[in-house]
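Accompanying notes for the structure given below.
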Amino acid sequence: MSPFFIIFFCVGLFPILFSLYLAFQQWNGLSPMEFVGLDNFKIVLTDSLFWKSVYNTIIMGLLGTAPQLIVGIILAFLLNQVFLRFKQFYRVTIFMPYITSMVAVALVFSVLFSNQDSSMANYILGLFGLDPINWATSEWGTKIAISLMVFWRWIGYNTIIYLAGLQSIPRDLYEAATIDGASKFQQLRYITMPLLKPFILLTVFFSTVGALQLFSEPTVFLGQSAFTRSEAMTIVMYLYRDAFRLQSFGTASATAVILVIFIAVLAAINLYLTSGIGRKKKRGAGK
Amino acid sequence: MKEVGSKKFSFSKILMYGFLTLASLLSLFPFYWMFVMATRPSAAYNSIPPTLTPGNMLVENFQKVLQQIDFFGAMWNSLILCVVVTIVVLLISSLAGFAFAKFKFPGKNILFIAILLTMIIPPQLGLIPQYFLIAKAGLLDTLQGVMILSFLNPLGIFLMRQYISGSISDELIEAAKLDGASNFKIYWKIVLPIILPAFATLGIIVFTSVWGEFLWQFTVLRDPEMYTIQVALASLNNTFKVDYGMLMSGVFWATIPLVIIFLLFNKLFIASITEGAVKS
């Protein structure tokens, strides 16, 4: 077992301890480290670019993942209909984006959503009589394009998880409810939603953690300007830029520590909010 | 089910098929689009309305890709990386999972919880220390440097422990021990054959995640000769004037093998990914 402990130490424990240690040092990777107390945290927390990256990450996280919850449940609900034909075809095609790498997705979207008037996205806007958007350089253009690629790649994954949830609900529950005279909506509300809840919590947790770690999509989508422009800079990109472009490993480590705290807090908040689904009614009835 | 299936054309049915078909088309469109662009000259991109039919530049565009990056070398690097990591993760996870499921040793529960906790720690926290660890070991710009820290896979250990606890009885292990079999022999002769289905599940999860991983590969590999396909593809977009036909050709040829494998084994794929997510 002892080699196992050693690997575990290297992989699991050492980075955590070393990151915490580095967060209190000033270090460019070469010269000796210098203890600076909480200065790194002060520098990061007073840097407007850091807060811009927090804002960007949250906006893109919301736009990219929240709609998936609703659309994913609808798709799973439809795919779970007994009489549905071509079920396998729909399942496979909707899941297919998940197997493409994030880099590939970002590159395809960088072409679909380019600044040119002739890009697919701008052409479609034109069909609706709207003006073209600078997808690669504008404040909302970049965010929407990146959110859409996140949505496109993950919707099938979430749908399949919801589908697994729906399939785990015994059919006789619905039959019994129908006999008792419950309407379709009541069935959805009192049978489907409560029993689907663990699966919703699971995807909410994954989505929150994933959204806060967003890195590959914006970096590859923006290419050359990834670390110089601020419109789509995420927290992890800010961290990466500090570490590997500016050789400021102390502030980068401080950012990593802050990020971990963010993830823990936001995941907890989201899980708390989601676990309220379908419960309010009962609480009200109990009073 | 008759009351639903009997009506041939109901409004809700049309809506349902319409919605699902739209979702399918939107899912497939980018795949088709990368194929179209991979067969067109870059100039086709300026046409309004956008070109939607394939052209005849399939080979030329790919030749341009080959001038920019070592495509086959990068694919080979990714393949080696994925195969080695997958095999090692399967072996380590099953051995550790076996130990956690069937053995008693001091600190077992604490160690198991510690491993589960590393699952929650985001990889970004480890990025900088691990980078210096790899640099100190002289493994920057090597595939070993990329793979070595991913051998210990908490999700893998967790899934294997669950599977082994659920599928192999303690009596079976005891009986083998009474017959004088060593622990390793028990693992090799009894445990391994039984957990092969779980290997398929975990193998697919590990292979696809390593194949698509970017941040760590991008950090460790700076030398174009050592690029994996993800890093190589990303480098195609790193110029001011991008040749879209060339770019999409690279993406298309890097994606198509995965699409084919997925279509052949789609049931196994989808089941594995769902199982991996739901079990954890």
Practice task
Enumerate the helices in chain A for which the Kyte-Doolittle hydropathy averages 0.5 or more and the C-alpha atoms extend at least 20 Å along the helix's axis, using complete DSSP H runs.
Solution key: A:48-79, A:139-167, A:193-212, A:249-275
Completion exercise
Taking the convex hull of the alpha-carbon atoms of the protein assembly as shown and averaging its shadow over every direction gives an area in square nanometres of 31.6 nm²
Practice task
Order A:Ile133, A:Ile70, most accessible first, counting only protein heavy atoms with a 1.4 angstrom probe.
Solution key: A:Ile70, A:Ile133
Practice task
Show which aspartates and glutamates lie in cross-link reach of B:Lys241 when reach means a straight Cα distance below 19 angstrom and same-chain residues fewer than eight apart are skipped.
Solution key: A:Asp117, B:Glu60
Completion exercise
Measure of exposure for A:Tyr190: accessible area at 1.4 Å probe, Å² rounded to 10, is 130 Å²
Practice task
Sort B:Glu225, B:Glu275, A:Glu217 from largest to smallest accessible area, using a 1.4 Å probe on the heavy atoms of the protein chains.
Solution key: B:Glu225, B:Glu275, A:Glu217
Practice task
Give the accessible surface of chain B per residue, rounded to a whole number of Å², with probe radius 1.4 Å and ligands, DNA and RNA excluded.
Solution key: 48 Å²
Exercise for the section: Run the quick spin-label model on A:Val71 and B:Ser47: label points 7 Å from Cα toward the beta carbon, then report their separation in nm to one decimal. Expected result: 2.9 nm
Exercise for the section: For every helix of n ≥ 4 consecutive DSSP H residues, a contribution of -39,500 (n - 2.57) applies; sum these over the protein assembly as shown, divide by its total residues, and give [θ] at 222 nm rounded to the nearest 500 deg cm²/dmol. Expected result: -22000 deg cm²/dmol
Problem - Heavy-atom accessible surface of chain B: percent carbon and sulfur, 1.4 Å - result: 69 percent
Problem - Loop trypsin sites (Lys or Arg not before Pro), the range A:188-283, which have at most 15 other Cβ atoms in a 10 Å radius of their Cβ (DSSP) - result: A:Arg229, A:Arg279
Practice task
Scan around A:Gln26 for amide H atoms under 5 Å from its own, H built in the peptide plane at 1.01 Å from N, and keep only partners 5 or more places away or cross-chain.
Solution key: A:Glu34, A:Phe35, A:Val36
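The values are calculated or read from the model by the stated rules, or taken from the named source; none is laboratory data. This is a predicted model, so every value here is computed, not measured. With ideal geometry, Cβ positions are generated from the backbone for all residues, glycine too; neighbour counts draw on all protein chains shown. The protein model used for the area step is the full one, side chains on, heavy atoms only, and it has no ligands, DNA or RNA in it. Shrake-Rupley method; radii C 1.70, N 1.55, O 1.52, S 1.80 Å.
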